[in-house]
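The values are calculated or read from the model by the stated rules, or taken from the named source; none is laboratory data. Computed from a predicted structure; not experimentally measured. A quick note on method: Cβ atoms are made from the backbone with ideal geometry, for glycine too, and the neighbour counts reach across all protein chains shown.
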Amino acid sequence: MRVLLAGATGAIGRPLIGGLKQHGHSVFGLTRSAESTRMLAEMAVQGLIGDARDAAAVQAAIARVRPDAVINELTSLPRHYTPAEMRAAAPRDSGVAISGADSVYYSTRLRGASNEKARHELNFRPRPLEWLQT
């Protein structure tokens, strides 16, 4: 199964890649920087540069990869989880989590995707897409 992972280089995305690959899935990672695509390449994942908050960039990535499933693990957390750094990162993380998720789900829906294949093949229970009006 072809899986596009938004937030592939994050705290959840990195270990998720291993699990997906272990089960034979082809993983593509959406990331914001060339540096992160190099890290993904070391994990045998094709990296796609794009800001998840930019719906056009997400749509282009989905059109290029033509994934069977899209998984959203978007965050923008600090490197160190100190109270001060977490407070400073909160507005940025919230923006990525909200607007990035909207772009990912909207773009996925535009491509005609549904949750059924992900539910069946990944035993995955994603957030319903029905709330989106296209």
Report task. Name the residue, out of E73, E35, that is in contact (Cβ under 8 Å) with a residue 12 or more places away in the chain and charged (D, E, K, R). Result -> E73
Query raised in the report: Out of (1) surrounded by 13 or more Cβ atoms within 10 Å (Cβ to Cβ); (2) closer than 28 Å to Q22 by Cα; (3) at pLDDT below 70; (4) not aliphatic (A, V, I, L, M), the odd one out for P67 is which?
Result: (3)
Report summary line: Residue hits (segment 35-79; closer than 17 Å to R2 by Cβ and assigned to a strand (DSSP E or B)) are Q46, G47, L48, A69, V70, I71, N72
Report summary line: Scanning segment 80-94 for residues that are surrounded by 10 or more Cβ atoms within 10 Å (Cβ to Cβ) and part of a loop (DSSP other than H, G, I, E, B) gives Y81, T82
Query raised in the report: What number of residues within segment 75-101 satisfy the criterion of being modelled with pLDDT of 80 or more and either among the polar types (S, T, N, Q) or under 11 Å from L30 (Cβ atoms) (or both)?
Result: 1
Query raised in the report: Does A8 satisfy the condition of being more than 14 Å from the chain's Cα centre (by Cα), in contact (Cβ under 8 Å) with a residue 12 or more places away in the chain and not in a helix (DSSP H, G or I)?
Result: no
Report task. Tell me which residues, restricted to segment 1-10, are touching a helix residue (DSSP H, G or I) at 6+ places or on another chain (Cβ under 7 Å) and either surrounded by 15 or more Cβ atoms within 10 Å (Cβ to Cβ) or at positive phi (or both). Result -> M1, V3, L4, L5, A6, G7, A8, T9
Requested in this report: Please work out which residue is farthest from L74 (Cα to Cα), limiting yourself to segment 13-44 and to residues that are in contact with a strand residue (DSSP E or B) (Cβ under 7 Å, 6 or more places away or on another chain) and aliphatic (A, V, I, L, M).
Outcome: A41
Report task. Starting from residues that are surrounded by fewer than 15 Cβ atoms within 10 Å (Cβ to Cβ) and assigned to a helix (DSSP H, G or I), keep the ones in segment 11-34 and report whichever is farthest from the chain's Cα centre (by Cα). Result -> Q22
